[in-house]
Amino acid sequence: MANLQALLFDVDGTLADTEKDGHRVAFNLAFEKAGLDWNWDEALYGELLAVTGGKERIRFYLDQFNTEFVKPDNFDAFVKGLHESKTDFYTQLLADGLIPLRPGVERLINEAREQGMRMAVVTTTTPANVTALLESTLGPDSESWFEVIAAGDIVPAKKPAPDIYHWALEQMGLTAAEAIAFEDSSNGILSSSAADVKTIITINDYTAEDDFSAAHLVLDHMGEPGQAFNVLAGNHHGHDYLDLELVKKVHAN
Ligand code: XBP
Ligand code: MG
C-alpha cells in the first residue's frame, strides 16, 4: 500500500454547507435581477443537485422543470451571463461571512499543514467561489495552502466523471493510491471512486440518502474533540473525531 501523500477536498457540502443557503440563494437573486420569475425552493433545489455545475444545473432546470420557458436565440450567452451574475451574488454572500466551515474542517486542515501533508481542492464549483470561501473562513492567504485548485470548467466532464480527480493527481505527480478524498455526495464519490481514490464521506441534509457503498468511512461530520461524529458506515478505529491519524488508518486499510 502506498503511503498517504495528499488530502483532496471537495468544497460544496464537504468544507461547508454551501448549497441551501449559498448557491441556491445566489441563483434566485440572479434570476430576480434578470427579471425572471423562477424560484428554486429547497425541495426543488435538492432535485436540481442531481446535476453538478451551475450552468449545467440551469439547463437541466429548463429541460426538466420549466419546459414552457422560451429559450432566447443566444441561449449559451444567456446561461453564461445568468451564471456570472449568480457567481457575483454567491461570492458576496461568502464575503459577508454567511457560510461557516463544517465541524472539524479547519482543525483537520491546520493539522495537515503542521505535518506537511500535501493538500488540494477538487471541485465542480467555479474557482472564484473556492477563493471566496477559503478567504472568508481560513484567512486571506489560505488558498496558497492548497497546492492545486482543481475547479469549475478546467475539465469539460464534471463530477460524477473522474476527470477532475485525474487532472488534480496529474498536476501533483501522484498516483490515486497516494491520496485520499473528502466528499459529501453521490456525484462526488462516483467521481473519486472512478478515479480509484479512497474516500471519506461527511453527509449533509441533501445527501443523507445517497449511495455511499464505495466509501471507506461515512460520517455525519468530521467531529471535534468533545463533539463526536456519528459513524454511518466503515471502521472508525476507535476515534471519535477525524484527525490525520484516523485519515491515515482509513487510507491504510
Ligand atoms: C458542487 C456543485 C456546484 C455548485 C455550483 O458539486 O454541484 O455545481 O452547486 O457551483 P461538488 P457553480 O461539491 O461535487 O463539487 O455554480 O460555480 O458551478
Ligand atoms: Mg460536494
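The figures follow:
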| quantity | calculated |
| --- | --- |
| Virtual spin-label span in nm between Asn3 and Phe65, 7 Å along Cα→Cβ | 4.8 nm |
| For the chain, built as a Gaussian network whose Cα springs stay under 10 Å, the top-fluctuating residue of Pro162, Pro225, Pro127 | Pro225 |
| Angle in degrees between helix 75-95 and the longest Cα principal axis of the chain, rounded to the nearest 10 | 50 degrees |
| Longest site-free stretch - the chain; sites: chymotrypsin sites (Phe, Trp or Tyr not before Pro), DSSP loop, at most 15 other Cβ within 10 Å | 70-253 |
| Calculated over region 106-154: convex hull of Cα atoms, volume per residue (Å³) | 70 Å³ |
| Ratio Rg/Rh [Cα only; Rh per Kirkwood] for region 163-253 | 0.97 |
| Per DSSP, loop GluC sites (Glu not before Pro) in region 41-105 with at most 10 further Cβ within 10 Å | Glu68 |
| Ile180, Ile154, Ile164 arranged by Cβ crowding within 10 Å, fewest neighbours leading | Ile154, Ile180, Ile164 |
| Computed [θ] at 222 nm, deg cm²/dmol, the chain (DSSP H ≥ 4; -39,500 (n - 2.57); rounded to nearest 500) | -12000 deg cm²/dmol |
| Most mobile listed residue (Lys20, Lys159, Lys71) in the chain, GNM with C-alpha springs under 10 Å | Lys71 |
| Most fluctuating residue given options Ala132, Ala77, Ala26, as computed from a GNM of the chain linking Cα atoms under 10 Å | Ala77 |
| Principal-axis tilt of helix 54-64 within the chain, Cα atoms, nearest 10 degrees | 60 degrees |
| Loop sites in region 143-246: GluC sites (Glu not before Pro), DSSP, at most 15 other Cβ within 10 Å | Glu147, Glu209 |
| Region 219-240 and region 34-73: distance between their alpha carbon centers, rounded to Å | 36 Å |
| Per-q log10 I(q)/I(0), the chain, q = 0.11, 0.12, 0.16 Å⁻¹ (Debye; single scatterer per alpha-carbon; no solvent) | -0.57, -0.68, -1.18 |
| Three-way shape label, region 19-95, alpha-carbon gyration tensor, a/c 1.5 | oblate |
| Angle between the chain longest axis and helix 163-172 axis [Cα atoms, degrees, rounded to 10] | 50 degrees |
| Cα-derived Rg to Rh of region 208-253, Kirkwood definition | 0.95 |
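We did not get these values from a lab; they are worked out from the coordinates using the rules stated. Owing to the predicted nature of the structure, the values given are computational and were not obtained by experimental measurement. Please note: Cβ atoms are built from the backbone with ideal geometry, for glycine as well, and neighbour counts cover all protein chains shown.
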